[in-house]
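Structure record follows, encoded as structure tokens.
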Amino acid sequence: MTTATIRVYLFKGFERLWHWTQALLIILLGITGFEIHNSYHLFGYQKAVMLHNTLAWALIALIVFAIFWHLTTGEWRQYVPTTERLSAVAHYYAVGIFKNEKHPFKESEASKLNPLQRFTYLGFKILIIPVQVTTGLLYMYYNHWHEWGIFARLDLTALLHTAGAFALISFFIVHVYMTTTGHTPLAHIKAMITGWEEIEAD
Amino acid sequence: MPQRKTLLKQLLIIPVLLVVVVGLLMAKQVQVSRAADASPVALVAAEDNPAQQGDDEVSHSTADHTKFEVLQQPFETVQDVTNACLSCHTEAADQVMHTIHWTWEKHVPDTDQTLGKKDIINNFCISIQSNEPRCTSCHAGYGWKDKTFDFTVQQNVDCLVCHDTTGTYKKFPTAAGLPVYEPTEFNGKMFNPPDLNEVAQNVGHSSRNNCGACHFYGGGGDGVKHGDLDSSLKVPDKSLDVHMSPDGANFQCSDCHTANSHEIAGSRLRMLSQSDTHYDLPNDDHNRATCESCHGITPHSNPKINDHTDKVACQTCHIPEYARGGVPTKMEWYWKDAGQFNDDGSIKSTVDEQGFPNYNTLKGSFVDEVNVKPEYYWFNGVIRYTLATDKIDDTKPVEINPIDGSYDDPNARIYPFKVHRGNQPYDPVNKTLVIPHLFGKDDTAYWKNFDWGKSIQAGMDYAGLPYSGQYDFVDTEMYWPITHMVAPKEDALACDSCHTDKTQSRVGSLEGFYMPARDHNNILDLLGWLAAAGSLLGVVVHSSLRIFGSKKGR
Ligand code: HEM
């Protein structure tokens with residue numbers, strides 16, 4: 001490869017810490033969650049529940065920090081959806097990538113997410129995670145519904161929570177794969193570790 | 001390579017942070033569980049509580065009964081002893097006469113039924129009516145040999161059967177509640193007349209032996225009826241019963257089955273699936289016959305487990321199996337098979353491979369078991385009985401005492417039961433269960449003549465009930481709540497005893513609620529795994545195309 005690259009600092013310290021911690025927590029929540037779902041036996045039901053609940057609180061704590069960080073740094077703007085060049089990016093992943101075309105989007109500190117990522121991660125942040133946290137907390141506090149005046153059904157709560165978990169599995173598979181689509185297969189992963197992304201210079 | 005180093009450092013911080021967060025949360029849970037180990041109940045159960053030691057302990061009573069002259073007089077009869085007791089305990093007989101131990105009858109407002117041993121039918125020896133002298137050997141009285149028994153004669157109250165501490169006072173099995181005055185044999189066992197002065201001068205609080213003399217032998221033999229009450233509880237290991245074991249709390253029955261004016265708490269005819277006053281404090285009703293009376297409703301250190309106590313009875317997890325003391329209990333009893341003799345015409349009596357009785361000419365065939373897993377049902381404490389006056393549906397097994405409750409019933413909890421199944425005679429024309437006359441020396445008693453027709457006619461006539469003259473056998477089921485033989489906490493059911501596949505779950509058949517691990521939505525699971533497989537497939541196809549494309553590009 002002789003392509004010239006330039007380095008941009010995309011992911012700040014907190015962001016990277018948050019990302020990897022969240023990744024680990026969600027993976028472990030998935031592993032314990034599907035044991036609770038009786039998909040397999042690993043830790044044993046009781047341990048799985050205890051772990052799941054503890055991990056859930058860790059995730060909630062992390063999310064609180066992340067929200068604070070996004071709001072105070074203004075980084076939330078990175079997730080404002082845009083259709084600008086959306087079809088170009090989609091076209092790239094559907095067709096162009098096989099023909100070694102250039103990626104139509106250039107990351108920069110001001111705009112580090114391509115329009116497809118913006119949509120996906122926004123959905124992740126405002127749909128899947130809130131659904132998981134809300135249904136998870138409801139599930140956890142099932143015994144208090146009555147005294148708190150909550151009218152819900154446990155079977156539907158569990159159904160949504162499980163649906164969210166399945167969504168996360170598919171997200172995870174595709175997400176991990178997409179990290180390999182940088183200019184080298186590990187480029188994106190490296191960027192999320194070091195903060196520095198190498199992008200091809202024009 | 002400075003860049004690589006910082007990269008490693010930054011990577012390290014992730015697991016470190018995670019370990020710290022998770023570790024902190026776990027440490028908190030461990031602390032909570034340590035603190036809860038020193039619960040008040042554990043302290044109460046301390047081994048050196050003198051009030052709970054066995055008979056050979058110093059008495060703490062303020063009265064020494066050996067010093068009472070009235071108890072030194074020569075006693076002709078047991079009734080004389082009762083009179084002597086009543087000369088000081090003036091209200092005792094009157095109190096007893098108001099209790100179910102005397103009346104064998106109780107009105108239950110919830111079902112507006114009058115129940116009790118006197119009235120109900122079961123699927124063991126069916127009914128006491130016309131069989132009194134045999135059954136009333138467990139009556140707290142003397143001489144109830146037939147329906148002419150006068151329930152108002154105070155001297156016929158049997159004080160000794162409950163208050164003897166010598167262990168020498170025994171009622172004869174077929175003498176309507178009386179002991180013998182001459183040495184007498186019963187089924188190869190010798191019954192000697194008690195020394196009434198010795199017994200009367202050594203009365204005291206009722207122990208497990210007193211209550212057990214009747215309650216361990218319900219159904220006519222050791223452990224037959226209840227499954228959680230048998231002679232193994234006289235001196236149980238801690239592994240059998242943490243409360244009654246001398247190595248545990250060494251409780252007597254009356255430590256939980258508290259008495260108010262001789263009325264003992266904890267009748268099975270109307271149970272409390274959960275106590276409304278959770279702790280029984282001095283100003284409460286002095287009814288301590290529920291687990292919560294001492295343990296409260298949130299006794300676990302793990303709050304997740306406490307979250308279950310509104311819907312799951314303590315007994316459900318803490319009595320993993322009943323009949324654990326080695327004494328078998330009857331699980332099935334088929335009266336229809338009764339009346340078969342050996343070839344030589346003698347009474348046939350056989351045992352199974354484990355040595356448990358499986359046939360007797362007098363009673364039919366049985367299945368006896370030890371270490372039995374309970375069945376679980378929603379139960380709010382209300383039991384409705386099928387009496388001999390009630391119409392039955394003979395197309396399916398008749399529930400002799402259907403239990404009430406469902407998930408939606410706030411008073412109901414999942415409760416463990418022994419279900420005793422079998423068949424027994426009924427009237428296929430009138431569609432009622434029938435009362436056979438079993439015991440007696442007359443020519444209608446089944447156990448003498450082996451003629452069901454005569455026996456049933458005699459029993460029904462005796463009870464004043466209509467009988468068509470035809471009989472057949474109908475399948476019956478009877479529910480016995482399991483509440484004794486509480487195991488050490490290490491032996492309690494684990495979460496996955498219930499939270500597992502429907503076919504494995506102990507509560508797999510209970511309906512009306514969602515339970516994690518047991519329940520799931522098949523469609524969602526299918527779609528979810530298909531989506532995951534689809535994503536994987538997409539990734540494989542996409543990456544193959546990329547590899548292919550890049551090769552071509554080169
Ligand atoms: C803060 C977020 C979360 C909370 C508060 C939470 C809470 C819970 C609770 C309380 C349960 C029921 C456990 C029990 O008592 O039996 C549960 C089950 C489950 N959780 Fe979570 N959870 C969270 C996040 C997640 C995530 C991120 C996943 C997947 C990646 C997940 C997957 C599952 C699954 C599959 C089940 C089993 C559902 C069932 O079969 O009924 N959870 N969760």
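Tabulated values for the structure
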| quantity | calculated |
| --- | --- |
| Cα pair distances exceeding 20 angstrom across the stretch B:208-281, given as percent | 38 percent |
| Accessible surface of B:K170 - all protein chains present, 1.4 Å probe, nearest 10 Å² | 100 Å² |
| Karplus-derived HN-Hα couplings along the stretch B:409-424 (A = 6.51, B = -1.76, C = 1.60, θ = phi - 60°), whole Hz, x at Gly and Pro | 7, x, 8, 8, 9, 6, 10, x, 9, 8, 10, 9, 10, x, 9, 7 |
| Length-normalised contact order for the stretch B:81-158 - Cα pairs under 8 Å, 6+ apart - percent | 30 percent |
| Note, ³J(HN,Hα) from phi for the stretch A:65-77, Karplus 6.51, -1.76, 1.60, rounded to Hz, x at Gly and Pro | 4, 5, 4, 4, 4, 4, 6, 6, 8, x, 5, 4, 4 |
| For the stretch B:213-362, with +1 on Lys and Arg beta carbons and -1 on Asp and Glu, the positive-most of B:P357, B:Q252, B:G218 along the dipole | B:G218 |
| Accessible solvent surface per residue of the protein assembly as shown, calculated while the other protein chains remain in place, 1.4 angstrom probe, Å² | 51 Å² |
| Anisotropy class of the stretch B:440-554 from Cα gyration tensor, a/c 1.5 cut | prolate |
| Rg/Rg_ref, the stretch A:99-150, where Rg_ref = 2.2 N^0.38 Å and atoms are Cα | 1.95 |
| Options B:G227, B:H318, B:N306, ranked by Cα towards positive dipole end of the stretch B:227-335, top entry (Cβ charges) | B:G227 |
| Listed residues B:E332, B:E182 arranged by accessible area, highest first, probe 1.4 Å | B:E182, B:E332 |
| Accessible-area value, B:L545, 1.4 Å probe, nucleic acids and ligands omitted, Å² | 70 Å² |
| Long-range HN-HN contacts of B:W333 with modeled amide H, under 5 Å | B:V367, B:R421, B:G422, B:N423 |
| B:Q201 versus A:Y141: modelled label distance in nm, points set 7 Å from Cα along the beta carbon direction | 7.0 nm |
| Cβ charges +1 (Lys, Arg) and -1 (Asp, Glu), total dipole of the protein assembly as shown, debye | 5460 debye |
| Amide H contacts of B:K106 (H built 1.01 Å from N, under 5 Å, at least 5 apart or other chain) | B:L115, B:G116 |
| Candidate lysines - alpha carbon under 24 Å from A:K12, same-chain residues fewer than 8 apart omitted | A:K106, A:K112, A:K125, A:K190, B:K5, B:K9 |
| Shape of the stretch B:306-446, Cα gyration tensor, a/c cut at 1.5 | oblate |
| Share of carbon and sulfur in the accessible heavy-atom surface of chain B [1.4 Å probe, %] | 55 percent |
| Globularity index of the protein assembly as shown, i.e. its alpha-carbon radius of gyration over 2.2 N^0.38 Å | 1.34 |
| Sequence-distant residues sharing a close amide H with B:R324 (under 5 Å, placed H) | B:N371 |
| B:K396-A:R77 pseudo-label distance in nm [points 7 Å out on the Cα-to-Cβ vector] | 7.0 nm |
| Separation in nanometres of the label points that stand 7 Å from Cα toward Cβ, at B:N83 and A:Q46 | 6.2 nm |
| Quotient of C-alpha Rg and 2.2 N^0.38 Å, computed over the stretch B:171-300 | 1.25 |
| Rounded to 5, the percent of DSSP beta bridges in the protein assembly as shown classed as antiparallel | 90 percent |
| Which of B:Y407, A:Y45 is most accessible, then next, and so on - probe 1.4 Å | B:Y407, A:Y45 |
| Debye equation applied to the C-alpha atoms of chain B, log10 I(q)/I(0) at 0.10 Å⁻¹ | -0.94 |
| Inter-chain Cβ neighbour average for residues A:172-179, partner chain, 10 Å | 3 |
| Shielding by other protein chains, A:50-58, mean Cβ within 10 Å | 4 |
| In Hz, Karplus ³J(HN,Hα) per residue of the stretch B:449-464 (6.51, -1.76, 1.60; θ = phi - 60°; x = Gly, Pro) | 10, 6, 10, 4, x, 5, 4, 5, 4, 5, x, 5, 4, 4, 7, x |
| Estimated FRET transfer efficiency when R0 is 56 angstrom, pair B:Q354-A:A110 (beta carbons, to 0.05) | 0.10 |
| Cα-Cα over 19 Å, subset of B:K336/B:K454; B:K170/B:K234; A:K47/B:K311 | A:K47/B:K311 |
| Shielding by partners, peptide B:514-521 (average Cβ within 10 angstrom, other chains) | 6 |
| Tail weight of P(r) past 19 Å, computed on alpha-carbon pairs of the stretch A:42-191, percent | 66 percent |
| Dipole magnitude (debye, nearest 20) for the stretch B:450-520, charges at Cβ of Lys, Arg, Asp, Glu | 140 debye |
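The values are calculated or read from the model by the stated rules, or taken from the named source; none is laboratory data. Keep in mind it's a predicted model, so treat the numbers as computed, not measured. Cβ coordinates were reconstructed from backbone atoms using ideal geometry, including for glycine residues, and neighbour counts include every protein chain displayed. Only protein heavy atoms, including side chains, enter the accessible area calculation; ligands, DNA and RNA are left aside. Shrake-Rupley method; radii C 1.70, N 1.55, O 1.52, S 1.80 Å.
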